[in-house]
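I have placed the structure first, in the form of structure tokens, so that the comments after it can refer back to it.
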Amino acid sequence: MEHSECGLACLAMILGYYGYNTTLPEIRKRFGEAPSGVNMHQLQMMALEYKLECKGYKITTEQLDRMKPPLILFWDNNHFVVMEKFRKYKVSILDPAKGRYGISIKELGEKFSGFVLSLVPGDLFTPKKRKKEFFFILSVLKGWKLLFSIILVALFLQAMGVFIPQLTQWFIDDVIGGQRQNLLFPFSIAIVLLFLYILGFHCLRGWLIAKLQSKIDTTMMTQYIGRLFMLPYNFFENRKGGELVFRANSNILIRNVLSNRVVSIIIDCLSFITFAALMLNNMVNMGIIVITIGIFMLGFIFLSSYISQRLSRQEVSTQTELYGFLSENIQNITDLKLLGAERDAIAKWKSIFEKQLKATEKRNVWTSILSSNSVSIQLTLPLFVLWPGAYYVLEGNATLGSLMGFQALAASFIVPIVSLGQTYSDIVNVRTYIQRLQDVIESPPEYTGEKVPSISFQGHVEFCDVSFKYNKYGNEVLKNISLIVRPGERLAIVGTSGSGKSTLAKLLLGLYEPTEGFIKIDGTMLHLWNKQELRKRISSVVQESRLFNSTIADNIRMHHNDITLDMIVQATKQAAIHDDIMKLPLGYQTMVSENGFNFSGGQRQRLLLARALLYQPKILVLDEATSSLDSTSEHLICDSLSHIQCTQIIIAHRLSTVRHADRIVVLDNGQIIEEGSHRELLYLKGQYYNLYTLQEEKHSFSPIS
Ligand SMILES: Nc1ncnc2c1ncn2[C@@H]1O[C@H](COP(=O)(O)OP(=O)(O)OP(=O)(O)O)[C@@H](O)[C@H]1O
């Protein structure tokens, strides 16, 4: 769950409460991503689509107890939570960021921001069952043969658990009781053989589990990474990179639990039944007592899992927050330093870290209470059995050997119960991690059509009455854009900040789909093209383009190993960066640091431009790609671009970059308001003229060339 998605998460919780189980990916798919969050009105509109009846109120904290929960509350003026219960002194809150917790009425008064949304099922509301984590577990546990072998080996080991009590009984009653000293030596040999048997099977089990873990890892990570990179662009806009890496790392925890625990569930259930039957067979009444204690223990563990899950969710949520904070701040270290905010960042990190430590400590204390409880019962139960058992022996209803045998059986019977409890609590803990992987794995991949550009690909672009909103209930960022760019034409797009230029470019690049209207490339609807193949013919440098921590050559070839150095050099010459590279001691093998921090802003832009020119594209989209260049470099690049035969769409604030374009389009508030050549637009004396004269005053260059 992202910071901006608390409203959607609350909606999902309310829907779940009324039996309509859904996930955030499903809600996002239906309504679009909401990077800036949603407001109450938008939440209301969404809820209506699920046939919930909604009413919004502005009320005081005291009035809240007259309303029927669950309710969505506006929280701290920046967040949404669900109020689950309102009791006399305590209120139960479901917070998408922190999980479930209770607060006092006074705290509620401090946090509640006065607006509440009541959502109840309408007549047409229909519940929906949810695909559980269980299916995910099944999908990653693909090594059935391996799993079966592990279970078999575990059964062989378990057999010893049955055999040892029988051996103990026989030894006490027949060897010691029968004074048969001659059996002592064969008995010691049997113990050595038993030791080798257990050792051998344990090693085999360890080896098989390691193999199963690798298999689970491969399946899970292939699913996760395979889907992650195929997700649409807007998925990443809404998430922190560090958080996605943290999710990927949780595979270690998940595979450990799955590989060890899933196998032990089967063994433990079998052991539970076997030992229960053996105990009842040996001493019925005593057996009933021990089985009842065992069932109570299990019940306690299952009931307490509710607390375990809440604590685990809180821990994961704080861990994720910490990861996200760290990775974001390291990435933005320049701004942090320039703003002198290092100490504040450390203080913020410390407060999140302390929150995480507290959450981890709480979960650890709870886990240790549970395990102490199990261990104490496990240790004292055999002694407890001696007490009623002594009556049986003293009254002559049982032999000492059978009591000792029963005691060993009781001790063995408790082991699978403790293990089942541990398995349950591990699976409950790991569910939180699984849900975060599912968020990625279940998100629909970026849609791509079939059509592959042929050699005759021209680069003809057509926007047909295109409108676009970032989310269903947001404002239109582009309105009824109709525009044709002919093959080989150089079209410039200018306009004030926020007028929609970058959005227009991203629509053309297929990063977003138009909300209305359509885009055609070479006469074919954009969505019918195979996106990966099409992007080999459309190159771009957008504002988000970055360099990687790799050599210059690798940064330009970007994982395409078939690209030769000659091809790279040709592109760098066109981008006017070849000479700069040749001045470096390691030339094309020079390492570029993350985000290209060891190069100047202008050099970075030229390297990115070289990357875009490498494939000799048929369409080139440049969004502020030359904004950091000095006028000499800019002139060189403009000259170079004018010799490249392809459709060019150039977005720039600096009008000197675009004045030689074949046509200039002026965008304002998402609409095309002016269109023509530089000269035509100046004579028009409209917005372009205003922008141009403003820049002219700044740089004092002549308005008409
Ligand atoms: N990912 C996004 N989610 C929601 N709204 C967005 C998103 N990206 C941009 N917007 C909004 O869309 C509008 C147009 O933004 P866009 O980046 O296309 O403008 P622009 O003309 O390229 O601006 P600039 O010249 O400053 O780069 C702005 O109001 C902006 O706030």
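Laboratory data are not the source of any read-out in this text; all were calculated from the coordinates shown. Predicted model only: the values in this text are computed from it and were never measured. So basically every Cβ, Gly included, is an ideal-geometry build from the backbone, and we count neighbours across all protein chains shown.
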Handout entry: segment 43-72 versus segment 575-632: alpha-carbon centroid distance in Å
Key = 54 Å
Handout entry: Förster radius 41 Å - calculated FRET efficiency between Glu533 and Glu84 (Cβ-Cβ, nearest 0.05)
Key = 0.25
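In the chain, what percentage of the DSSP-assigned beta bridges are antiparallel, given to the nearest 5? Mind dumping the intermediate values first?
On the way: 46 of 66 bridges.
Around 70 percent antiparallel, to the nearest 5.
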Handout entry: Average Cα contact separation per residue, segment 134-441, under 8 Å, 6 or more apart, as relative contact order %
Key = 33 percent
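When only Cα pairs under 8 Å and 6 or more residues apart are kept, what is the percent relative contact order across the chain? Could the numbers behind the result be given before it?
Details: 1002 pairs, mean separation 81.1, N = 705.
Averaging sequence separation for qualifying contacts and normalising by length gives 11 percent for the chain.
Averaging sequence separations of C-alpha pairs under 8 Å and six or more residues apart, then dividing by the length of segment 545-608, give the relative contact order as a whole percent. Working shown, then result.
On the way: 66 pairs, mean separation 33.7, N = 64.
Dividing the mean separation by the residue count of segment 545-608 yields 53 percent.
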Practice task
Rank the residues Asp268, Asp217 as a footprinting-exposure proxy: fewest other Cβ atoms within 10 Å of their Cβ go first.
Solution key: Asp217, Asp268
Completion exercise
So the angle from the long Cα axis of helix 400-441 to the longest Cα principal axis of the chain, reported in degrees to the nearest 10, equals 10 degrees
Handout entry: Under 17 Å from the Cα of Lys90 - aspartates and glutamates, other chains or at least 8 residues apart
Key = Glu62, Asp65, Glu107, Glu110
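Check each of the chymotrypsin sites (Phe, Trp or Tyr not before Pro) in segment 368-470 and keep only those in coil by DSSP with at most 10 other C-beta atoms within 10 angstrom; list them in order. Mind showing how you got there, number by number?
Working: sites: Phe384, Tyr391, Tyr392, Phe406, Phe413, Tyr424, Tyr433, Tyr447, Phe457, Phe463, Phe468, Tyr470; in loops: Tyr447, Phe457, Tyr470.
Sparse-neighbourhood loop chymotrypsin sites (Phe, Trp or Tyr not before Pro): Tyr447.
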Problem - segment 337-395 and segment 231-310: distance between their alpha carbon centers, rounded to Å - result: 16 Å
Practice task
Return the sequence-ordered ³J(HN,Hα) values of segment 651-668 in whole Hz as given by the Karplus equation 6.51 cos²θ - 1.76 cosθ + 1.60 applied to θ = phi - 60°, using x for Gly and Pro.
Solution key: 9, 7, 7, 6, 6, 5, 5, 10, 5, 8, 5, 5, 8, 10, 10, 9, 9, 9
Fill in the blank from the handout: By the C-alpha gyration tensor axes a ≥ b ≥ c (rounded if a/c is under 1.5, else prolate when a/b exceeds b/c, else oblate), the shape of segment 134-441 is prolate
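Give a quick list of chymotrypsin sites (Phe, Trp or Tyr not before Pro) in segment 531-602 that DSSP marks as loop, anything other than H, G, I, E or B, with at most 13 other Cβ atoms within 10 Å.
Phe597
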Problem - In order through segment 106-119: 3J(HN,Hα) via Karplus (6.51 cos²θ - 1.76 cosθ + 1.60), integer Hz, x for Gly, Pro - result: 5, 4, 4, x, 6, 8, 5, 9, x, 10, 9, 10, 9, 10
Practice task
Mind listing the long-range amide H neighbours of Gln671? Cut-off is under 5 Å, sequence gap 5 or more, other chains count too, H placed in the peptide plane at 1.01 Å from N.
Solution key: Lys479
Completion exercise
Phi-derived 3J(HN,Hα) across segment 74-88 with the Karplus relation (6.51, -1.76, 1.60, θ = phi - 60°), rounded Hz, x for Gly and Pro, is 7, 10, 6, 6, 8, 7, 10, 9, 10, 8, 8, 9, 10, 9, 4
Handout entry: Acute angle (nearest 10 degrees) that the helix 631-642 long axis makes with the longest principal axis of the chain, alpha-carbon atoms
Key = 90 degrees
Handout entry: Pairs of lysine residues in segment 518-645 - Cα separation under 19 Å, sequence separation of 8 or more or cross-chain
Key = 7
Practice task
Please label the shape of segment 440-514 as rounded, prolate or oblate, based on the square roots a ≥ b ≥ c of the eigenvalues of the alpha-carbon gyration tensor (a/c under 1.5 means rounded; beyond that, a/b larger than b/c means prolate, else oblate).
Solution key: oblate
Practice task
Please say if the chain is rounded, prolate or oblate, where rounded means a/c under 1.5 for a ≥ b ≥ c the square roots of the C-alpha gyration tensor eigenvalues, and otherwise the choice is prolate for a/b larger than b/c and oblate otherwise?
Solution key: prolate
Practice task
Give the angle, between 0 and 90 degrees and rounded to the nearest 10, that separates the Cα long axis of helix 687-699 from the longest principal axis of the Cα atoms of the chain.
Solution key: 90 degrees
Problem - Rounded to 5, the percent of DSSP beta bridges in segment 593-705 classed as antiparallel - result: 50 percent
